[in-house]
Amino acid sequence: RGAAGAATDLAGRHVVVSAGGTREPLDPVRFLGNRSSGKQGYALARTAAARGARVTLVAANSALPDPAGVDVVRVGSAVELREAVLRAAADADAVVMAAAVADFRPAVYATGKIKKKDGQEPEPLALVRNPDILAELSAARLRAGQVVAGFAAETDDVLAHGRAKLAAKGCDLLVVNEVGESKTFGAEENEAVVLGADGTETPVPYGPKEALADTVWDLIAARLPAGGS
Ligand code: CTP
Ligand code: CA
């Protein structure tokens with residue numbers, strides 16, 4: 001971006017963004033899910049396209065319409081999201097995991113609808129861990145110089161939790177949102193801080209998701225090796 005308004009600093013780059021929330025199927029009609037709308041991931045996809053990138057948006061169960069000029073891959077579960085992200089990331093300059101990925105999925109998928117039985121209590125629901133896609137991407141670095149970023153919503157000592165999570169995942173950037181009860185300003189206080197593996201901290205004031213998205217792309221663009229794909 002520049003004073004001239006030309007938004008082409010990501011021209012020649014391929015970026016992958018995951019968005020939405022995964023649904024973990026229990027039987028043909030039921031799933032475990034979360035409330036992610038996909039808005040932040042879609043904002044990231046739109047802003048990257050506006051800055052000239054080729055964008056693959058891996059969208060998990062979002063009701064939002066496909067952004068213009070973006071290659072959208074729709075997925076359901078965390079396992080499907082992993083496959084689609086890894087495939088798209090093979091030649092990507094950057095990957096941003098904005099999706100809310102379920103940590104657990106039902107251990108067993110019932111191919112027929114689960115029925116209740118008269119006079120019987122339900123079976124407890126057994127869960128297993130889902131793959132950690134962000135950690136896997138960070139460890140694999142599917143393309144040389146690939147920049148990997150994630151999101152985290154934390155409470156309490158947000159920066160300490162964020163720093164620990166950034167290190168655990170091994171990614172380059174982690175966008176940390178403070179959620180829940182605020183000490184001073186109530187629920188509206190929701191400032192993000194983008195933590196860098198290089199020790200940087202970039203505060204982003206409360207505002208539209210596009211503004212946060214543009215800050216994320218600024219930080220990613222600064223970390224990309226010279227030259228496009
Ligand atoms: N993530 C992922 N795969 C998972 C879980 C999370 O790729 N199985 C990514 C999310 O897309 C996000 C980042 O990891 O970019 C942080 O997600 P979060 O749920 O905060 O991290 P967790 O390691 O699951 O930690 P927690 O136990 O706090 O939920
Ligand atoms: Ca989690």
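Please determine, in degrees from 0 to 90 and to the nearest 10, the orientation of helix 39-50 with respect to the longest principal axis defined by the Cα atoms of the chain, where the helix direction is its Cα long axis.
Here the helix axis deviates by roughly 30 degrees.
Hey, if you drop one equal point scatterer on each alpha-carbon of the range 1-111 and run the Debye formula without solvent, what base-10 log of I(q)/I(0) do you get at q = 0.17, 0.20 Å⁻¹?
Values returned for q = 0.17, 0.20 Å⁻¹ are -0.76, -0.96.
Amide H of Ala100 versus every other amide H placed in the peptide plane: which residues, excluding those fewer than 5 positions away on the same chain, fall under 5 Å?
Close amide H contacts, sequence-distant or interchain: Gly20, Gly21, Thr22.
Go through 85-93, 170-178 and give me the packing order, highest mean Cβ count within 10 Å leading.
So the order, starting with the most tightly packed, is 170-178, 85-93.
Using a 10 angstrom Cβ neighbour count of at most 13 plus a DSSP loop assignment to flag exposed chymotrypsin sites (Phe, Trp or Tyr not before Pro), which longest range of the chain is free of such sites?
Between the exposed loop sites, the longest stretch runs 1-108.
Output the peptides 13-25, 43-55, 126-138 sorted from most to least packed, where packing is the average of other Cβ atoms within 10 Å over each peptide's residues.
Taking the mean over residues of other Cβ atoms within 10 Å, the ranking is 13-25, 43-55, 126-138.
Tally the DSSP beta bridges in the chain and give the antiparallel ones as a percent, rounded to 5.
Numbers: 15 of 42 bridges.
Roughly 35 percent of the beta bridges in the chain run antiparallel, per DSSP.
Where both partners of a DSSP beta bridge lie in the range 1-89, what percent of those bridges are antiparallel, to the nearest 5? Walk me through the intermediate numbers first.
On the way: 3 of 15 bridges.
Expressed as a percentage, antiparallel bridges in the range 1-89 total about 20.
Take the alpha carbon gyration tensor of the range 101-229, find the square roots of its eigenvalues, order them as a ≥ b ≥ c, and report rounded if a/c is under 1.5; if not, report prolate when a/b exceeds b/c, else oblate.
oblate
Using θ = phi - 60° and the Karplus relation 6.51 cos²θ - 1.76 cosθ + 1.60, list the HN-Hα couplings for the range 193-198 in order, rounded to whole Hz, with x at every Gly or Pro.
Couplings: 10, 9, 8, x, 4, 7 Hz.
On a 0 to 90 degree scale, rounded to 10, what angle separates helix 209-223 from the longest Cα axis of the chain?
Helix 209-223 sits at roughly 60 degrees to that axis.
Quick one: what are the phi-derived ³J(HN,Hα) couplings along the range 116-126, Karplus 6.51/-1.76/1.60 with θ = phi - 60°, whole Hz, x for glycine and proline?
With the stated coefficients, the range 116-126 comes to 7, 10, 3, x, 10, 6, x, 5, x, 8, 7 Hz.
What residues have an amide H closer than 5 Å to that of Val58, excluding those fewer than 5 places away on the same chain, when H is modeled at 1.01 Å from N in the peptide plane?
Amide H neighbours of Val58: Val17, Ser18, Ala19, Val73.
Rounded to whole Hz and in sequence order, give me ³J(HN,Hα) for the range 61-67 from the Karplus expression 6.51 cos²θ - 1.76 cosθ + 1.60, θ = phi - 60°, writing x for Gly and Pro.
Working through the residues one at a time gives 6, 8, 8, 6, x, 4, x Hz.
Taking amide H positions as placed 1.01 Å from N in the peptide plane, with prolines and chain starts having none, which residues 5 or more places from Ala153, or on another chain, fall under 5 Å of its amide H?
Asn177
Considering every Cα-Cα pair within the chain, what fraction, in whole percent, is farther apart than 26 Å?
So the pairs more than 26 Å apart make up 39 percent of the total in the chain.
Every number in this text was worked out from the coordinates using simple rules, so none of it is lab data. Note that the structure is a prediction, hence the values are computed from the model and not measured. Please note: Cβ atoms are built from the backbone with ideal geometry, for glycine as well, and neighbour counts cover all protein chains shown.
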